[in-house]
Amino acid sequence: QEPSDQVDIIDTSLTRHAATKLNQSRAYLAAAVEGNQIYFAGGQTLTSKTAAIESYDVNRRSWRAVSVSLSQPRSHLAATSL
């Protein structure tokens, strides 16, 4: 799979759709939701794995800087929120 920066966010409860872009193109990344934030973590770029984490605010429809990253670069991972 080729890395992509395209993200399609679908809110099934409100029947709302948003198309936006990650700051860094990636494949095989993880995503998890907490409140109004969707976190995208890790993944494979064209040249290497990444430890980057990005957050998208669904209500504001904007990206928020995340000051932490994964403990090491990873791809083919999964995430969940509790």
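The values are calculated or read from the model by the stated rules, or taken from the named source; none is laboratory data. Keep in mind it's a predicted model, so treat the numbers as computed, not measured. Note that we place each Cβ from the backbone using ideal geometry, even for glycine, and neighbour counts take in every protein chain shown. Surface areas here come from the heavy atoms of the whole protein model, side chains and all, with no ligands, DNA or RNA. Shrake-Rupley method; radii C 1.70, N 1.55, O 1.52, S 1.80 Å.
Tabulated values for the structure
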read-out	value
Single match in 50, 15, 80 (criterion: at pLDDT below 95, on the phi < 0 side of the Ramachandran plot and over 10 Å from the mean Cα position of the chain (by Cα))	80
Qualifying positions in region 1-22 - under 17 Å from residue 50 (Cα atoms), open to solvent by 90 Å² or more (accessible area, probe 1.4 Å) and either assigned to a loop (DSSP other than H, G, I, E, B) or of a type in the set (S, T, N, Q) (or both)	1, 2
Which numbered condition residue 25 misses (of (1) polar (S, T, N, Q); (2) part of a strand (DSSP E or B); (3) exposed (fewer than 15 other Cβ atoms within 10 Å of the Cβ))	(3)
Test: residue 39 is among the aromatic types (Phe, Trp, Tyr) and either loosely packed, with under 14 Cβ neighbours inside 10 Å or under 10 Å from the mean Cα position of the chain (by Cα) (or both)	yes
